[in-house]
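A short write-up of the structure that comes next.
The values are calculated or read from the model by the stated rules, or taken from the named source; none is laboratory data. Being a predicted model, the structure only gives us computed values, none of them experimental. Here the Cβ is made from the backbone with ideal geometry for all residues, glycine too, and neighbour counts use every protein chain on show. What goes into the accessible areas is simple: the full protein's heavy atoms, side chains included, and nothing from ligands, DNA or RNA. Shrake-Rupley method; radii C 1.70, N 1.55, O 1.52, S 1.80 Å.
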Amino acid sequence: QVQLVESGGGLVQAGGSLKLSCAASGRTFTDYVLGWFRQPPGTEREFVAAISRAGDNTLYTESVEGRFTISRDNARNTVSLQMNSLKPEDTAVYYCAAGLQFGIRSEDLWHYWGQGTRVTVSS
């Protein structure tokens, strides 16, 4: 089992920045690929970004490429999502996830989830 706890959400104006963090506990942190998903109001959860076990490979959905940066600290068992140039369409509940295979965008193939943190971007 892996427990994931997100933090850092909040209200920000368009063009602003937020940094989300996710603390992991339980099984060996480096056994897992880590990722961020989000669920905008009234829509399904969608892939945002993923990072490999060693942190040397990252993957982003096209809409956040160049604005968001995923990183991990394997010594502290944390994964972060730095979000810059935020847009109203980034408004969503953001979820941290852990899985076994890098490159998977389907939420069905991720094994562990946090409870989510809400991000609201005002125009």
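Could you tell me whether region 28-39 includes any residue that is open to solvent by less than 30 Å² (accessible area, probe 1.4 Å) and free of Cβ contacts under 8 Å to residues at least 60 places away in the same chain? There is at least one residue in region 28-39 that is open to solvent by less than 30 Å² (accessible area, probe 1.4 Å) and free of Cβ contacts under 8 Å to residues at least 60 places away in the same chain.
A quick yes/no check of all residues on (1) in contact with a strand residue (DSSP E or B) (Cβ under 7 Å, 6 or more places away or on another chain); (2) closer than 19 Å to E6 by Cβ; (3) open to solvent by 60 Å² or more (accessible area, probe 1.4 Å):
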{"residue": "G55", "(1), (2), (3)": "yes, yes, no"}
{"residue": "T58", "(1), (2), (3)": "yes, yes, yes"}
{"residue": "E65", "(1), (2), (3)": "no, no, yes"}
{"residue": "F68", "(1), (2), (3)": "yes, yes, no"}
{"residue": "V79", "(1), (2), (3)": "yes, yes, no"}
{"residue": "M83", "(1), (2), (3)": "yes, yes, no"}
{"residue": "A92", "(1), (2), (3)": "yes, yes, no"}
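Checked against (1) closer than 18 Å to R118 by Cβ; (2) of a type in the set (A, V, I, L, M); (3) in contact with a helix residue (DSSP H, G or I) (Cβ under 8 Å, 6 or more places away or on another chain); (4) open to solvent by 70 Å² or more (accessible area, probe 1.4 Å), V5 passes all but condition (3). Scanning region 1-46 for residues that are more than 19 Å from L59 (Cβ to Cβ) and of a type in the set (V, I, T) yields V2, V5, V12, T28, T43.
Residues of region 86-123 that are under 12 Å from the mean Cα position of the chain (by Cα) and hydrophobic (A, V, I, L, M, F, W, C): A92, V93, C96, A97, A98, W113, V119.
Within region 78-90, residues that are in contact (Cβ under 8 Å) with a residue 12 or more places away in the chain and in a strand (DSSP E or B) have Cβ atoms under 8 Å from residues that are of a type in the set (F, W, Y) and open to solvent by less than 40 Å² (accessible area, probe 1.4 Å) in these pairs: V79/W36; L81/W36; L81/F68; L81/Y94; Q82/F68; M83/F68, counting only partners at least 6 apart in sequence or on another chain. Checked against the criterion of being modelled with pLDDT of 95 or more and of a type in the set (F, W, Y), the candidates F68, F29 yield just one match: F68.
For G103, the conditions (1) part of a loop (DSSP other than H, G, I, E, B); (2) at pLDDT 95 or above all hold with the exception of (2). Scan region 8-27 residue by residue and report those that are hydroxyl-bearing (S, T, Y) and either at positive phi or exposed (fewer than 14 other Cβ atoms within 10 Å of the Cβ) (or both). Within region 8-27, S17, S25 qualify.
Every condition in (1) without any contact (Cβ under 8 Å) to a residue 40 or more places away in the chain; (2) among the charged types (D, E, K, R); (3) closer than 19 Å to G8 by Cα holds for E62 except the one numbered (3).
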